[in-house]
Amino acid sequence: MPKGEELMRDGFFPGRRTCLVIAHRLSTIQNSNLIVVINEGKVAEKGPSLKFLFL
């Protein structure tokens, strides 16, 4: 994991707060409570974890 990504993850996600993170790497959002996939400006999928991405 790149150092900047690690610093961001550790800085944003240690407590209970709401953060909007736009990411291209799944590793950046793997510990998120809710993931929303946007494709061509529309919500394509959303769910509580990465499980739905691999169905």
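The values are calculated or read from the model by the stated rules, or taken from the named source; none is laboratory data. These figures come from a predicted structure and were not determined experimentally. FYI the Cβ positions are ideal-geometry reconstructions off the backbone, even for glycines, and counts take in every protein chain you see.
Please specify each residue of the stretch 1-33 satisfying the condition of being outside any helix (DSSP H, G or I) and modelled with pLDDT under 75. Matches in the stretch 1-33: 1, 2, 13, 14, 15, 16, 17.
Counting the residues of the stretch 34-55 that are modelled with pLDDT of 80 or more, surrounded by fewer than 11 Cβ atoms within 10 Å (Cβ to Cβ) and not acidic (Asp, Glu) gives 7. Pairs linking a residue in the stretch 18-47 that is hydroxyl-bearing (Ser, Thr, Tyr) to a residue that is modelled with pLDDT of 80 or more and surrounded by 11 or more Cβ atoms within 10 Å (Cβ to Cβ), with Cβ atoms under 7 Å and 6 or more positions apart or on different chains, are 28/21.
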